[in-house]
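See structure below.
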There are 2 protein chains.
Amino acid sequence: MQGMMMNRPLSIIDILRYASETHPRGEIVSVRTEGDVHRTNYRETMGRVGQLAHALKAMGIEKGDRVATLAWNGYRHFELYYAISGIGAVCHTINPRLSAEQLIYITHHAEDRVLFVDTTFVPLIEALADKLPPNMRYVLMTDREHMPDSKVFFHCYEELLEGCPAEYDWPTVPEDSAAGLCYTSGTTGHPKGVLYSQRSTVLHAFTIAVTQDGSLKEASRLLPVVPLFHVNAWGLPYAAPLTGACLIFPGPAMDGKSLYDLMEREKVFSAWGVPTIWLGLLGEIKERGRNPEGFGEVIIGGSAAPRSMIEAFEKSGVTVCHAWGMTEMSPVGTDGGLSSDMKALPFDDQIKLKMTQGRRVFGVDLKIVDDAGNRLPHDGVAVGELFVRGNAIASGYFNNEEASKAAVDPEGWFGTGDIASIDADGFLRLQDRAKDLIKSGGEWISSIDLENIVMAHPDVASCAVIAVPHPKWDERPLLCVVPAGERKPPKEEMDKMLLEHVAKWQLPDDVVYLDALPLTATGKVSKLTLRQQFADYKLPDAV
Amino acid sequence: MQGMMMNRPLSIIDILRYASETHPRGEIVSVRTEGDVHRTNYRETMGRVGQLAHALKAMGIEKGDRVATLAWNGYRHFELYYAISGIGAVCHTINPRLSAEQLIYITHHAEDRVLFVDTTFVPLIEALADKLPPNMRYVLMTDREHMPDSKVFFHCYEELLEGCPAEYDWPTVPEDSAAGLCYTSGTTGHPKGVLYSQRSTVLHAFTIAVTQDGSLKEASRLLPVVPLFHVNAWGLPYAAPLTGACLIFPGPAMDGKSLYDLMEREKVFSAWGVPTIWLGLLGEIKERGRNPEGFGEVIIGGSAAPRSMIEAFEKSGVTVCHAWGMTEMSPVGTDGGLSSDMKALPFDDQIKLKMTQGRRVFGVDLKIVDDAGNRLPHDGVAVGELFVRGNAIASGYFNNEEASKAAVDPEGWFGTGDIASIDADGFLRLQDRAKDLIKSGGEWISSIDLENIVMAHPDVASCAVIAVPHPKWDERPLLCVVPAGERKPPKEEMDKMLLEHVAKWQLPDDVVYLDALPLTATGKVSKLTLRQQFADYKLPDAV
Ligand SMILES: Nc1ncnc2c1ncn2[C@@H]1O[C@H](COP(=O)(O)OP(=O)(O)OP(=O)(O)O)[C@@H](O)[C@H]1O
Ligand SMILES: Nc1ncnc2c1ncn2[C@@H]1O[C@H](COP(=O)(O)OP(=O)(O)OP(=O)(O)O)[C@@H](O)[C@H]1O
Ligand SMILES: [Mg+2]
Ligand SMILES: [Mg+2]
């Protein structure tokens, strides 16, 4: 029997419409590529989004068309999120750190019709324009004054808006319509497109709003360092207006000093980003001897937060929330917030919980399975591949039948490629990516575990453990270390630390010292690059 | 173009499943009809809900069947909410304060198959059983020890659960399936059934969770005085587990003293209920000279919160949130929470805002229209009938074609029967119910406005203004006053207060003094009864 309730399609533009009425003065602060700081609010933004929608229609954009962006975190990028999905088109955010080849591939694959570009990327577009889709039009996200001379024809963003009415008659679109498109980093093969819907986006916003109840609330000041150009800045552009929280956009300046200054000036309470970013900020905090004023919470995800980082923040009074997710999950899958009884545990026990990836958010189901696909118990011991299911999780990839087929198991669960255990309280502990696990003589070694321990060495700035082929054991771990200063910490010192937590056979066979670790387009350590670099490395006892 | 995200039906049982994993120790405290206080949590409750689901199946309950409840706020009632909707059946909550005739009517109309009853209502069932549906089965919500001798055969709730496994293989049901049924009070004609769906219920829970971000969060202690037997206790049974908030259920004891004691003992932070309840509590607070410990917030809805009540709470440090809703809206439509800039306004300005019914929640659209159905501006001046639209709003009434047709306008909006203005900031101000408005010589007089002012008189305990027929003016206002003590406040004193705010022609023509006001089944002043009582009343100048 059917209920007798109205069925109104869930719709992204409704979030901003609501914020503009109920949280009209909720602030959006942006560091601009023009060099200054720009301030606006949800009410003004709603008007500009209406103007932008008119401009998009005037450019001939229709429902389902892909409109791409190549931009930092800022108010114009935020406006594009809402105007594009609001008219029923698809907002395709492009990661500017992808390789030229990948950028060319995905703009063709997505069949983007217009590309909105921050001024930073004018040289990039000039270099690539010949190879991007021939009918592509370009809009530069600035005003007339800042328009450069260029061989590429750029429309001017502010000029497009000028004269357009702020009111727009937003269409009703079915809630399963495509609304956003984001390609994975493509660490293996071509990047794959994840096609978000109106429904998945609204439900994901709700989910993180109820999960992050400490910071996603009216007038709370949030800093998304996670980029709008990758997985929707973890959903903040939707969850913040839904709850009336303020958004502080850092623009291109994401080094420790710039972030510190911005946070101090804007009294940021909660900052969201990947571990590499927080290494920079922690360095700056150490130098200045105190936290930015008002700083109370940091959300860390994208790769494993090392223990030393969690401890550094917690000891300074900043609550750490370690979260896990994927492009394919909109992205949030688990959240490391502790319940109040856990907050009463001794410091060390809390840190142990925070080193896990946390517990599932509402609407996400988790299972771990063995190689044959059989479910494994959630006992904190069994380790298997993690599968997920939920309304904000991809059912396949855009225009990629092969990858789509491989993505989902016969029961309809998405395979994450992550290897994990889940304990009886629901805490997820990622061991590794399947492709990064080290298989030594039939046993697995978790690179994340080893890295976590080595990171605590005072002379280690960052590190990565990768598998290197070995004639007898198949693979053995190699430790790559970036020293913090002049001194190269000797292997023995790190082995000693490791032996407190792992078995002797899991110790790395060798250490190499590097100036920096290669990063992926999303700011994670690129183990693929390291593996290629050390593919022929001869381990001491393997000669 | 469709998105490529999974589509998992929104499902009520998922809320409890999530709470049992993520907020396992989230408390449910219940004052029992057995006389004691019972404590459990979301994890234990999930197990009992599984058992109850097995018991329902064993009784032959199938998807879509209606299972009714006649019970106070307590953990067993809460379990029924989840078990019934979890197996795909419909939880029909019955208001025990309805008249016998109405109870008989709706059990037949709903075709209830089983009725779950609190021990309080054994005599009621014994009196009515002959006239209730012949195949109805009865379950008494208690254990074997407390089972009474009765001429009606009652199953024993705890015995039904015993031996049933805690695990249940919850079915997947389409999200627009019926899940809950609640009849309106039926102040005119037969009560009408509102049929909630799985989808509407989950979305409504999300909505109030993000709206009430001060109290709907992990470990927060909530007191739903609003009954589980009417409009889902304003959605708290869903929003609380979704956010990890604790539920303190008062059982049958809703007088000021009992509530005070319970709140003090359980450190209730946020209490939800109708104005009549708070009159009782305020009396008790006055007597004891202080608030219950930990009391910080009161949500008032169901009828207009008088100024004197709002001031009394606010002055004592309890934040008032005045909300408006309807059975047909699941029920929350607007919420009176102030944004942080408004919280900085002078006390008096804040009170003025809190006397309005607040602003729309996410997912609810409001419009006011004139008699011809034309939209009126949201300027705080124009007054018209209020229409609403949203995912948690009824599209019609269960098995009632005539009422269904009349409910919705040609654009698909639901007509509330309330007369209101909306100001530029979105604040809704209810003037009256259409049927309670006083039409005097072609002009309207708002009974709510007059009552609000008179309530502030120290000698007035409560009051109501109703329309009485008048030969010249059609209708004129009659003021019904319940004195607070011995002294009957003379009309002149109240007129003087009124004249500070309203025009002379709006003054009541006469005053009558009553011992008590008649209440509806939901604890509101029954103006219908008053109107009938004074239908032949002769106003002084109308003789
Ligand atoms: N808190 C975390 N701890 C450990 N690993 C994490 C965490 N959060 C995310 N990850 C890793 O990041 C992955 C998701 O990252 P994302 O979707 O941004 O792109 P990617 O997987 O790095 O790129 P690609 O799929 O193209 O290789 C997860 O599958 C997981 O391996
Ligand atoms: N904050 C409020 N201020 C004034 N009136 C309110 C408020 N909240 C609710 N109401 C009134 O209560 C009505 C909804 O009440 P509810 O659905 O519980 O049953 P009812 O309308 O009293 O019963 P019936 O529809 O059978 O006559 C609203 O339409 C409105 O008139
Ligand atoms: Mg990936
Ligand atoms: Mg009504």
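Please treat every number below as a calculation from the coordinates, not as lab data. Worth saying up front: this structure is predicted, and the values here are computed from it rather than measured. Because the Cβ atoms are built from the backbone with ideal geometry, glycine has one as well, and the counts that use them run over all protein chains shown.
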Item to check | Separation of the residue A:488 and residue B:503 label points, Cα + 7 Å toward Cβ, nm | outcome: 9.2
Item to check | region B:415-478 versus region B:181-219: alpha-carbon centroid distance in Å | outcome: 26
Item to check | region A:505-522 - phi-based ³J(HN,Hα) in whole Hz, Karplus 6.51/-1.76/1.60, Gly and Pro as x | outcome: 5, 8, 4, x, 6, 7, 10, 10, 10, 10, 6, 7, 8, x, 10, 7, 4, 9
Checklist entry - Which ³J(HN,Hα) values in Hz, rounded to whole numbers, follow from the phi angles of region A:300-311 under the Karplus curve 6.51 cos²θ - 1.76 cosθ + 1.60, where θ = phi - 60° and Gly and Pro get x? => result 10, x, x, 9, 5, 7, x, 3, 4, 5, 4, 5
Checklist entry - Which residues in region A:407-422 have a backbone N closer than 16 Å to a point placed 7 Å from the Cα of residue B:169 along the Cα-to-Cβ line? => result A:411
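What does the net charge come to around residue A:360 if you take all other residues with beta carbon closer than 9 Å to its beta carbon, with K and R at +1 and D and E at -1?
Once positives and negatives cancel, what remains is -2.
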Checklist entry - Once amide H atoms are placed 1.01 Å from N in the peptide plane, what residues at a sequence separation of 5 or more from residue B:461, or on another chain, have their amide H within under 5 Å of its amide H? => result B:482, B:484
Item to check | Members of A:367/B:217; A:354/B:57; A:354/A:496; A:286/A:524 lying beyond 30 Å, as alpha-carbon distances in this model show | outcome: A:354/B:57
Item to check | Equivalent ellipsoid semi-axes, region B:477-543, via Cα gyration tensor eigenvalues times 5, rooted, Å | outcome: 21, 16, 13
Checklist entry - What fraction, in whole percent, of alpha-carbon pairs in region A:365-432 exceed 14 Å separation? => result 57
Item to check | Sparsely packed chymotrypsin sites (Phe, Trp or Tyr not before Pro) within region A:135-225, loop by DSSP, other Cβ within 10 Å at most 12 | outcome: A:153
Checklist entry - How far is residue A:265 from itself in the other copies, in nm, if each label sits 7 Å out from Cα along the Cα-Cβ line, shortest first? => result 5.6
Next on the checklist: Per-residue Cβ counts within 10 Å, from other chains only, averaged over B:386-394: what number is that?
Outcome noted: 3
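Which of the GluC sites (Glu not before Pro) found in region A:445-513 are loop residues per DSSP with 10 or fewer other Cβ atoms within 10 Å of their Cβ?
A:486, A:500
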Checklist entry - For region B:254-332, which GluC sites (Glu not before Pro) are both in a DSSP coil and crowded by at most 16 other Cβ atoms within 10 Å? => result B:293
Checklist outcome for this item: So, in nm and shortest first, the distances from residue B:36 to its counterparts in the other copies, with label points 7 Å along Cα→Cβ, work out as 7.1
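Can you give the % of DSSP beta bridges in region B:255-344 that are antiparallel, to the nearest 5?
Numbers: 2 of 10 bridges.
Antiparallel: roughly 20 percent of the beta bridges in region B:255-344.
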Checklist entry - Considering the rotational relationship between chains B and A, which residue of chain B contributes the beta-carbon of minimal distance to the axis, and what is that distance to the nearest Å? => result B:206, 2
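With each run of n ≥ 4 DSSP H residues scored as -39500 (n - 2.57), what mean residue ellipticity at 222 nm is computed for chain B after dividing by its residue count and rounding to the nearest 500 deg cm²/dmol?
So the helix-based figure for chain B works out to -8500 deg cm²/dmol.
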Checklist entry - In degrees between 0 and 90, to the nearest 10, how far off the longest principal axis of chain A does helix A:198-211 point, with axes built from Cα atoms? => result 60
Checklist outcome for this item: Filtered hits (lysines, Cα-Cα < 16 Å from residue B:352, offset >= 8 within chain) -> B:315, B:343
Checklist entry - Between region B:62-86 and region A:235-249, what's the alpha-carbon centroid distance in Å? => result 37
Item to check | Taking chain A and dividing mean pair separation by its residue count, relative contact order in percent (alpha carbons under 8 Å, at least six apart) | outcome: 11
Next on the checklist: Compute the angle between helix A:12-22 and the longest alpha-carbon principal axis of chain A, please, reported from 0 to 90 degrees and rounded to the nearest 10.
Outcome noted: 70
Next on the checklist: Need the C-alpha centroid separation for region B:269-300 versus region A:1-45, integer Å.
Outcome noted: 35
Checklist outcome for this item: Note: B:201-212 gets an average of partner chain Cβ contacts (10 Å, Cβ to Cβ) equal to 4
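Work through the residues other than residue A:442 whose Cβ is under 14 Å from its Cβ and net out their charges, Lys, Arg +1 and Asp, Glu -1.
It works out to a net charge of -1.
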Item to check | DSSP beta bridge pairing in the protein assembly as shown, given as percent antiparallel to the nearest 5 | outcome: 55
Item to check | Copies compared at residue A:343 - label distances in nm, ascending, label defined 7 Å from Cα in the Cβ direction | outcome: 1.6
Checklist entry - Restricting the count to DSSP beta bridges whose residues both fall in chain A, what percent are antiparallel, rounded to a multiple of 5? => result 55
Next on the checklist: What translational diffusion coefficient, to the nearest whole µm²/s, does region B:1-112 have by Stokes-Einstein, given a Kirkwood radius computed over alpha-carbon pairs, a temperature of 25 °C and 0.890 mPa s viscosity?
Outcome noted: 156
Checklist outcome for this item: For chain B, the Cα convex hull volume per residue in Å³ comes to 170
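How many partner chain Cβ atoms sit within 10 Å of a residue's Cβ in peptide B:5-15, on average, as a whole number?
So the per-residue partner count for this stretch is 6.
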Checklist outcome for this item: Per DSSP loop assignment and a cutoff of at most 14 other beta carbons within 10 Å, chain B keeps its longest run without exposed trypsin sites (Lys or Arg not before Pro) at B:291-434
